[in-house]
Each structure stands twice: as C-alpha cells, then as structure tokens.
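What follows is a short report on a single structure.
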Amino acid sequence: MNVTIIRNGRVIDPANRRDEIADLYIGDGKILGSKSEIRNAKSEIEEIDAHGLIIAPGLIDMHVHLREPGFSHKETIESGARAAAAGGFTTVVCMPNTAPVPDNPGTIAWIRDRASAIACVNVLPTGAISKNLAGEELAPIGSLAQAGVVAITDDGHCIQNHELMRRAVEYARMVGVPVLDHCQDYNLVGNGVVHEGHSSTLLGLPGWPAAGEEAIVMRNILLSELCDHHIHCQHISTSGSVRLLREARDRGVKISGEVCPHHIALTDDAIQNFDTNYKVNPPLRSQNHVDALLQGIADGTLSILCSDHAPHADFEKEVEFDAAPFGIIGLETELGLFLDLLVHKHRTIGISRLIDMYTVAPARLLKIDVGTLSIGSCADVTLIDPELEWTVRIDQFHSASRNSPFDKWNLKGRAVRTIVGGKTVWKL
Ligand SMILES: [Zn+2]
C-alpha cells in the first residue's frame, strides 16, 4: 500500500459536515478511515505537515475553457490542467466552444482520451446543446450522455429559440444530465461590449444591458418549471438575475446560479483605459450589481463559484476594445480572489461555505463522485493556507495565456498543495 499521512490540519469536508483538527490518511489513492487501515506500507510513508492549513476535498471548477481541440495557441488540455492544479483544483469541467465542437460522441471521446493521457487533474467534458453551437438544431443529447458528458451547454452562445431550448431540457431530463446556460438575449444585447450605463455612455462603447441576461434567466426559470429539470445559469452578473433566482429557488424551482471572481472584484469603472483584459462576457457591472451578487452569495441564492477561465493569446487581445475577444484567465487567481474578498475583506461567507461552493455544490449538480473526503473516496485533496499573503505574478502562471487583469494584486489566502488520486500534482 502507498501511504500518505497529512497531519494536524483543519479538515473541512462540507459533504460530511466535518470541521475539525485532524490527520488525513490516504492509502493507494483512497481516503482511509483511520490509521489502523494502513496495511503493509510498501515504501516509505509520505508525511505532510498541514499545521495551520485547511485540508479540503479537491476543489472543482465547473466552468473552464481549455481550448482543445482547435485553439491550442490559447491553451491546451495539458497546460490548462497544470493551471488548474496550481490554483488548487483537482477537477475541471470544460466548455464546448472548441473546433470541432463536441456535439458528437467522437469529439467527446477525443477530449476524454487526451485528458486521461496528459492532464494532471480530472477533466470532465460538457457536450453542446445545439449542433455546432448554432442554436438551430439539437445535438444528439442521448449519445453525448452515453459518451460521458457531465452536462450540456452552448456556453459562449445562448439558444434564442425557447421551443428548441425546451426540447433540449426535456432530452437532458430523460438522460439525466443538467443543462448549463450562458444567459444572453441576442436582440437586447446586440453588439454590446460593456455594461450599459454610466461607463458605456462615457466611453462611447455599445452597452450590454442587465436585462439582456435577466430575460434569459427568467426564460430558464419558466422552462425548468415546465420540464421539471435542473437548469444552471452560468456566470451571473446582475442584481435582477439574483432577485429572479432567489424568488424561484424559494418556490423550489430546480434552478441555480454561479459567480465568477471578476464580477465581484471589479466594476465597469476599470474599463476607463480601454484595457481589453477587462473585457468579459457578461461584462463587468456597476457597484449596485456587485453588492447584489455579494448578497446572493451570502444568502445562498448563488451556490457555486467558478472562474470562466477563458484564455486568449496576446495578439488576439491587443486590438481595439470593440474587436477584442471576451474573456480572461482565472484558474490561478480565483481561489485567492474569493478567499480575499468573500472571507477576509467583505466577510460575506465563512471558509467552510466557500469550500462547499467549490466542492459538494458542483458535485451534486453534476452528479459526479468527487468533492468529499468520505472514507473510500478518491483521494483528491487541496491544502489551503487561508492567511498566506501573496502577490499575483502572471509571468509565473502555468496557463499558456496571460490575459488577466489581476497582475500584481496582493491577495490573502491560496492553495499550497494539490493532490489528485493520492499523488501531489502541484505544490507551492
Ligand atoms: Zn459564457
């Protein structure tokens, strides 16, 4: 038996309502119940001192773009997985806006094979809802589920035809996968690139109104009720979306929402110098929206944290604001930003709730067998130093891209070691 003992850490395992100072025993890649289960330790026992650290289930980021197949100049499954490990993540869920689009079992098989051959963390694919993400014809959702997708989504795109979306949700229900949706009404948003309000007027850039997100959040609430199936709204950015989700969840509708760190760390004020590293979709909003997101996190309306890690090469981002692609990288800064902002600065939530939002909440939604330290489960573990003060240095990132607005930010709290299946894949 290959044995690792992590000593004297604060074990926080929300799935089992556990929060105590303890040792964690790992044998042959699985969590052991106690020291007595260690049998015939083969080689030397690896001991890790976790004094002052949190021992958490391996974190899950259920919204990343790994850009393969098709855009390996931005990121690869291999580099994206290394960035994930360096951010404290043991499982990532990758989005389908690649070339070819995973709207068929063959492309899903390619992603899964590539990931198992080369990725140092678990990479779980999503399948497209519509063929080629065109929003016109459904992808073969049953075959995608058989091929092993954990969800379906057209992320980056949004199906505008409500009847088509209804059928997608009905098929997804039949095959037991959740639907993730990038909420954007194309008519309301038009060619908008920044939040419609003070900054769009000041900068003379086309506005992306809050209602452009809220109209589709509302649509998804109605379809979730109609089809009795879970729809998860991606990267929620507006106060109206939070209000709609809160009201629907109170009524028991199977709807949920996630938050990305940039939508609470920044406002549309940041765009004044036209730096395209502040161009994201949905856009950075005004302070009243940020406050509503914090409230939504505090009261549980928003239940999942993620990055929307969206790598782009320098030559793609270094163009005028209108023409630049949307998106920023996030895997290596998200945990630090959320710890710094939600736990330390704003005291929105405690650390065990933060871990819940990164482990058991996405695991339950996607029905995946990770996100806990239960005895016998796979030993995916993240060690976190919640007090460690550090400075973001994008030149040291593992991601293949550098499009982050957080370079040189001083943050408090980060992952210090990432363990996948009992093996350390990254440490500080
Ligand atoms: Zn999106």
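Numbers for the structure displayed
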| item | result |
| --- | --- |
| Selection within segment 120-140 - surrounded by fewer than 24 Cβ atoms within 10 Å (Cβ to Cβ), under 26 Å from G29 (Cα atoms) and not polar (S, T, N, Q) | C120, L124 |
| For A109: the one exception among (1) in contact with a strand residue (DSSP E or B) (Cβ under 9 Å, 6 or more places away or on another chain); (2) surrounded by fewer than 24 Cβ atoms within 10 Å (Cβ to Cβ); (3) among the aliphatic types (A, V, I, L, M) | (1) |
| Only one of E213, E225 that is within 16 Å of the ligand (Cβ to nearest atom), assigned to a helix (DSSP H, G or I), out of contact with any strand residue (DSSP E or B) (no Cβ under 7 Å at 6 or more places or on another chain) and at pLDDT 95 or above | E213 |
| Residue ID - farthest from the ligand (Cβ to nearest atom), chosen from residues in segment 42-97 that are among the polar types (S, T, N, Q) and crowded, with 24+ Cβ neighbours inside 10 Å | T90 |
| Contacts under 6 angstrom Cβ, first residue in segment 168-182 being more than 12 Å from L223 (Cα to Cα), partner acidic (D, E), 6 or more apart | H182/D155 |
| Identity of the residue in segment 249-307, β-branched (V, I, T) and more than 27 Å from R364 (Cα to Cα), that ends up nearest to the chain's Cα centre (by Cα) | V280 |
| Close pairs (8 angstrom Cβ cut-off, 6 or more residues apart or separate chains): over 23 Å from C233 (Cβ atoms) and in contact (Cβ under 8 Å) with a residue 40 or more places away in the chain in segment 183-206, of a type in the set (S, T, N, Q) and surrounded by 19 or more Cβ atoms within 10 Å (Cβ to Cβ) anywhere | L205/S199; P206/S200 |
| Some residue of segment 311-319 being buried (at least 24 other Cβ atoms within 10 Å of the Cβ) and not hydroxyl-bearing (S, T, Y) | yes |
| Residue that is surrounded by the fewest Cβ atoms within 10 Å (Cβ to Cβ) [pool: residues in segment 279-300 that are within 21 Å of G192 (Cα to Cα) and more than 16 Å from the ligand (Cβ to nearest atom)] | Q287 |
| Flag for G192 being surrounded by fewer than 20 Cβ atoms within 10 Å (Cβ to Cβ), of a type outside the set (A, V, I, L, M) and within 16 Å of the ligand (Cβ to nearest atom) | yes |
| Residue tally, condition modelled with pLDDT under 95 and within 16 Å of the ligand (Cβ to nearest atom), over segment 231-277 | 0 |
| Residue selected from segment 175-189 under the condition part of a loop (DSSP other than H, G, I, E, B) and within 16 Å of the ligand (Cβ to nearest atom), by the criterion nearest to K367 (Cα to Cα) | P178 |
| Boolean, A172 is more than 16 Å from the ligand (Cβ to nearest atom) and either under 23 Å from the mean Cα position of the chain (by Cα) or of a type in the set (A, V, I, L, M) (or both) | yes |
| Any hit, segment 341-351, residues being away from the ligand (no atom under 16 Å from the Cβ), under 22 Å from P57 (Cβ atoms) and within 15 Å of the chain's Cα centre (by Cα) | no |
| Sole exception among (1) surrounded by fewer than 20 Cβ atoms within 10 Å (Cβ to Cβ); (2) not in a helix (DSSP H, G or I) for L205, by number | (1) |
| Pairs where the first residue, in segment 279-294, is in a loop (DSSP other than H, G, I, E, B) and the second is of a type in the set (S, T, Y), C-beta under 7 Å, 6+ apart | P282/S237; L284/T267; L284/Y278; R285/S237; R285/T238; R285/T267; S286/T267 |
| Scan of segment 371-396 for residues that are buried (at least 22 other Cβ atoms within 10 Å of the Cβ) and either assigned to a loop (DSSP other than H, G, I, E, B) or charged (D, E, K, R) (or both), ordered by number | G371, L373, A379, D380 |
| Given (1) within 16 Å of the ligand (Cβ to nearest atom); (2) of a type in the set (A, V, I, L, M); (3) crowded, with 24+ Cβ neighbours inside 10 Å, index of the condition V101 fails | (3) |
| Test for L164: is it within 23 Å of the chain's Cα centre (by Cα), in a helix (DSSP H, G or I), away from the ligand (no atom under 16 Å from the Cβ) and farther than 15 Å from H65 by Cα | no |
| Strands (runs of 3 or more DSSP E) fully within segment 41-126 counting 1 or more residues that are farther than 24 Å from S374 by Cα | 59-64, 89-94, 122-125 |
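The values are calculated or read from the model by the stated rules, or taken from the named source; none is laboratory data. Quick caveat, the model's predicted, so the values are computed rather than measured. With ideal geometry, Cβ positions are generated from the backbone for all residues, glycine too; neighbour counts draw on all protein chains shown.
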